[in-house]
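The values are calculated or read from the model by the stated rules, or taken from the named source; none is laboratory data. The structure displayed is predicted, hence computed values, not measured ones. Note that we place each Cβ from the backbone using ideal geometry, even for glycine, and neighbour counts take in every protein chain shown.
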Amino acid sequence: MPDTVSFLVDPLPVGATPEFLEASFREIEPGSGALAVNDLAPHRGDGVFETLAIVDGHVQEVEPHLARLANSAQLCELPEPNLDQWRLVITRAAERVPGQGEFALKLALSRGIDPGTTPTGWVHVTPGADFRAAREEGIRVVTLDRGVARGAGERAPWLLLGAKTLSYAANMAAIREAKRRGADDAVFTSSDGYVLEGPTSSVIARFGDDWVTPPPAAGILHGTTQRSIFAHLHAQGRTVEYRDLTVDDLRRADAAWLVSSVRMAAPIVELDGAPMPVDHAATAQLNAYLLGPRD
Ligand code: PLP
């Protein structure tokens, strides 16, 4: 069984006849020249994507990811994705990789061939990167100014801060800058000093019994992992809260994590060079929950 599979998807409109779904995508050789050179995804990063974890054959949180895909598409004024089609492609792709181990399933929906009247799409599954050390030993992070004030998402919706777009070059540059500064990852801050998110993750901090994350209105992507963790903690009777956090607040947290779909929960052991307390028991519990089957 291959551990890397790719599918080319012909995105269908909402309401397409169900019998068209199965024929609307096909498996292709990973790395084959399937993307047209005049597609707006490579030229403009003009499209949206999702990354889902597959753990021991189970695709995690399909519906929250598809809901966010639809929301990202709406924010970008892309045609509404046919979620039945994407559900089916996800199922078919997950069936093609081994039923044991962790995999990352990326799906992308591009505005399509220039001038962008016909969307294009693809799904690519690869073995999950090895996040064991990040989960167990933790990560060092540095804060990096995103250059926009808190709430930019609402004041300037054209920045698409709440959408998961294919324009991730700045996020990748932030991770490179973090590494140049001797850290593993970054936490973006607003120009007025609020904690936002990591370049590919959400921030969760624990203050005593309160679990806190910055509100999506701060101008960030609403993380599916953060939502899943909050639902889990809430069901256990813990206090969870969306609240603005300054960098000083984060420094005073009893523990903090970067969380995302494939990495799960990585405890922050160092913030801007200063040690952070690590809650090993909560980290182990969070990752045990996150690695179990979730819908
Ligand atoms: N924020 C950003 C900018 C991200 O790119 C991601 C995931 O890649 C997240 C937050 C976390 O989202 P999720 O938990 O859905 O993976």
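As a summary of the residue check, Ala178 satisfies the conditions (1) in contact (Cβ under 8 Å) with a residue 12 or more places away in the chain; (2) surrounded by fewer than 21 Cβ atoms within 10 Å (Cβ to Cβ) except for the one numbered (2). Within the stretch 152-189, restricting attention to residues that are more than 14 Å from the ligand (Cβ to nearest atom) and touching a Lys or Arg at 6+ places or on another chain (Cβ under 6 Å), the residue that is nearest to Lys106 (Cα to Cα) is Asp184.
The residues of the stretch 147-173 that are farther than 23 Å from Pro64 by Cβ and crowded, with 21+ Cβ neighbours inside 10 Å amount to a single one, Arg150. Of all residues in the stretch 220-239, those that are within 25 Å of Arg150 (Cβ to Cβ) and of a type in the set (Lys, Arg) have Cβ atoms under 9 Å from Cβ atoms of residues that are within 16 Å of the ligand (Cβ to nearest atom) and assigned to a loop (DSSP other than H, G, I, E, B), 6 or more apart or on another chain, in Arg227/Glu61. Selection of first residues in the stretch 1-12 that are within 21 Å of Ser110 (Cβ to Cβ) and in a loop (DSSP other than H, G, I, E, B) and of second residues that are modelled with pLDDT under 95 and of a type in the set (A, V, I, L, M, F, W, C), restricted to Cβ pairs under 7 Å at least 6 apart or on distinct chains, gives the following pairs, ordered by first then second residue: Leu12/Phe20. Going by the conditions given, is Asp249 charged (D, E, K, R), more than 16 Å from the ligand (Cβ to nearest atom) and part of a loop (DSSP other than H, G, I, E, B)? So Asp249 does not fit the description; no. For the stretch 197-245, the set of residues classified as of a type outside the set (A, V, I, L, M), modelled with pLDDT of 95 or more, within 15 Å of the ligand (Cβ to nearest atom) and part of a loop (DSSP other than H, G, I, E, B) consists of Glu197, Pro199, Thr200, Pro214, Pro215, His222, Gly223, listed by residue number. Residues Val195, Val141, Val148, Val125: which one is of a type in the set (Val, Ile, Thr) and closer than 30 Å to Ile28 by Cβ? Answer to the selection: Val125.
Take the residues of the stretch 45-101 that are surrounded by 16 or more Cβ atoms within 10 Å (Cβ to Cβ) and of a type in the set (Ser, Thr, Tyr): which is farthest from the ligand (Cβ to nearest atom)? So the residue we want is Ser72.
Selection of first residues in the stretch 120-139 that are closer than 19 Å to Leu52 by Cα and of second residues that are among the β-branched types (Val, Ile, Thr) and surrounded by fewer than 19 Cβ atoms within 10 Å (Cβ to Cβ), restricted to Cβ pairs under 6 Å at least 6 apart or on distinct chains, gives the following pairs, ordered by first then second residue: Thr126/Thr4.
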